[in-house]
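Some notes on the structure that comes next.
The values are calculated or read from the model by the stated rules, or taken from the named source; none is laboratory data. This is a predicted model, so every value here is computed, not measured. Counting neighbours? That spans all protein chains shown, and the Cβs are built from the backbone with ideal geometry, glycine included. When the accessible area is computed, the model is the full protein with side chains, heavy atoms only, and any ligands, DNA or RNA have been set aside. Shrake-Rupley method; radii C 1.70, N 1.55, O 1.52, S 1.80 Å.
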Amino acid sequence: ALRTLVVSHNQITVIPRALGKCHSLSALVVDGNRIVSPPPLILAMGTRSVMFYLQQLCDAEGTGVIHLPGLELTELPMELAELSRVTSVDVSRNKLTTVRPLNLLSRVTSLNMSQNRLKDVDSDLRDMLLLEELDLSKNRIVHLVSSVRNMTSLR
C-alpha cells in the first residue's frame, strides 16, 4: 500500500479527494506547487490534516455528512458546494466569519457552526430552508437572524 507520495515542484493545483481513500499514506510532499485545494491552511498542518480533510470530503459523497471541526479554518473551500448530497454539516470550532459556500447546499438539515467568528449570517442562511437543527452558539452574532423566521423546519 502507498505510504509516501512525493509530487513536489509540479503544476498541481488540486489534490484529488480520492486520495483520502489511501489510508496507509503517512507522508505527502507537495511543496513547489500552487495548490488551492485543500486550502493552504490545511496543507500547512501536515499530511495527517490533509488526509483527514480529503477523507471527509470523500466520505461526504456517500454519507451525506461533512465533519470538519477544529481545523482552524478561516474560510470554507468552494469545493464543499459540489457535495450536493450533504444533509449534515459540522464546521464548529474553526475561525469562520461566513456561512458561504454552505448556503449553496440545498439539502442541509443540520448545521453546526458553533464556536466560530460569525457576526451576520442573515443573507447566508436565507436559502437554507430545510434546516431542522442550527447551532450558532459561541459566535459574535449581535442580532437574531431574520431569515430564521422562514425556516419552518427548525425543531
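One table, with the values for the structure above:
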| read-out | value |
| --- | --- |
| Where a residue in the range 72-95 is of a type in the set (Val, Ile, Thr) and its partner, wherever it lies, is in a helix (DSSP H, G or I), with Cβ under 7 Å and at least six apart | 74/41; 86/60; 89/102 |
| Checking residue 137 against (1) modelled with pLDDT of 90 or more; (2) in contact with a Ser or Thr (Cβ under 9 Å, 6 or more places away or on another chain); (3) buried (at least 17 other Cβ atoms within 10 Å of the Cβ); (4) in a loop (DSSP other than H, G, I, E, B), the condition it does not meet | (3) |
| Among the candidates 44, 60, residue that is of a type in the set (A, V, I, L, M, F, W, C) and either loosely packed, with under 13 Cβ neighbours inside 10 Å or on the phi > 0 side of the Ramachandran plot (or both) | 44 |
| Any hit, the range 78-88, residues being modelled with pLDDT under 95 and crowded, with 18+ Cβ neighbours inside 10 Å | yes |
| Failed condition for residue 130, given (1) open to solvent by 40 Å² or more (accessible area, probe 1.4 Å); (2) of a type outside the set (Ser, Thr, Tyr); (3) under 20 Å from residue 76 (Cα atoms) | (3) |
| Among (1) under 10 Å from the mean Cα position of the chain (by Cα); (2) more than 25 Å from residue 16 (Cβ to Cβ) - the single one residue 118 does not satisfy | (1) |
